[in-house]
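A short worksheet on the structure shown next.
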Amino acid sequence: MGKRSRKRPTGPVRISEVGETSTPPSRPRSSTVGKSRVDRFIERAEERPKPPWHPVPLVELSVLAGIVLLVVGIINREDPQGRLAILFGLALAALAGLETAARDHFTGFRSHSSLLAAMPTILTAILMGFIGVNLPIVLPAAVLVFAISFFAFRASFKRRTGVNFKV
């Protein structure tokens with residue numbers, strides 16, 4: 001016989017030895033009960049730290065410009081200007097996301113140590129590629145830069161908040 005088939009009392013339960021009436025324990029109501037997923041998302045977004053240019057949606061506009069550049073670049077991908085548009089579109093959208101992650105991280109809202117550590121790693125790999133360093137040397141150097149950056153960003157977040165990460 002499973003748990004669902006057993007009848008459970010719905011009202012007050014009388015304890016005969018003591019003679020007291022008690023109700024079944026209830027879960028504490030949280031602030032998220034009864035709210036839709038969209039409402040919870042908006043509530044969490046309002047807790048996020050605001051940028052210095054707060055009324056102007058600069059991050060959103062730069063993501064939009066990056067998407068437009070990507071679309072234009074994909075349409076004209078055979079042209080050198082189209083490839084350049086793809087490159088600038090990716091860079092603009094990535095910088096907008098990086099700005100949001102850095103703001104969240106350095107204000108102590110959420111830890112983005114991995115994402116922030118990836119940026120110096122990518123820059124190191126690109127610079128070493130332009131210089132002409134062989135791939136067997138680039139990979140260990142990139143791993144080393146990532147490890148150093150990750151622990152440095154993690155330490156800065158821990159100094160700010162007292163915890164290693166927040167989910």
All but one of (1) in contact with a Leu (Cβ under 9 Å, 6 or more places away or on another chain); (2) β-branched (Val, Ile, Thr); (3) outside any helix (DSSP H, G or I) hold for Ile86; which doesn't?
-> (3)
Which residue out of Leu70, Leu58, Leu84, Leu98 is of a type in the set (A, V, I, L, M) and either over 30 Å from Phe150 (Cβ atoms) or in the same structural domain as Phe153 (by TED's automatic domain parsing) (or both)?
-> Leu84
Which one of these is outside the structural domain of Leu98 (by TED's automatic domain parsing), within 23 Å of Leu95 (Cα to Cα) and modelled with pLDDT under 95: Arg160, Arg154?
-> Arg154
Where residues in segment 48-60 are surrounded by 12 or more Cβ atoms within 10 Å (Cβ to Cβ) and without any contact (Cβ under 8 Å) to a residue 60 or more places away in the chain, which of them is nearest to Ala91 (Cα to Cα)?
-> Val59
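Quick one: how many residues across segment 73-105 are in contact (Cβ under 8 Å) with a residue 40 or more places away in the chain and of a type in the set (Asp, Glu)? Even if it seems obvious, please write down each step before you answer.
Going through segment 73-105, the residues in contact (Cβ under 8 Å) with a residue 40 or more places away in the chain turn out to be 99-100, 103-105.
Then keep just the ones that are of a type in the set (Asp, Glu); that gives 99, 104.
So the answer is 2.
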Failed criterion for Ser114 (all others in (1) part of a helix (DSSP H, G or I); (2) at pLDDT 80 or above; (3) surrounded by fewer than 15 Cβ atoms within 10 Å (Cβ to Cβ); (4) outside the structural domain of Gly162 (by TED's automatic domain parsing) hold) = (4)
Please give the number of the condition Gly108 fails out of (1) at pLDDT below 90; (2) closer than 24 Å to Leu61 by Cβ.
-> (2)
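Considering each of Val63, Val68 in turn, give the residue that is surrounded by fewer than 16 Cβ atoms within 10 Å (Cβ to Cβ), within 30 Å of Arg44 (Cα to Cα) and in contact (Cβ under 8 Å) with a residue 12 or more places away in the chain. Quick ask: steps written out before the conclusion?
Working: Val63 fails: surrounded by fewer than 16 Cβ atoms within 10 Å (Cβ to Cβ).
None of the others qualify; the one that does is Val68.
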Would you point out which residue out of Val56, Val71 is farther than 30 Å from Val163 by Cβ, out of contact with any Ser or Thr (no Cβ under 8 Å at 6 or more places or on another chain) and at pLDDT 95 or above?
-> Val71
Sort out which residues of segment 117-140 are exposed (fewer than 15 other Cβ atoms within 10 Å of the Cβ) and assigned to a helix (DSSP H, G or I), and write them in order of number.
-> Ile122, Leu123, Ile126, Leu127, Gly129, Phe130, Ile131, Leu135, Pro136, Ile137, Leu139, Pro140
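The values are calculated or read from the model by the stated rules, or taken from the named source; none is laboratory data. Just so it is clear, the model here is predicted, and its values are computed rather than measured. Glycine also receives a Cβ, built like all others from the backbone with ideal geometry; neighbour counts cover every protein chain displayed.
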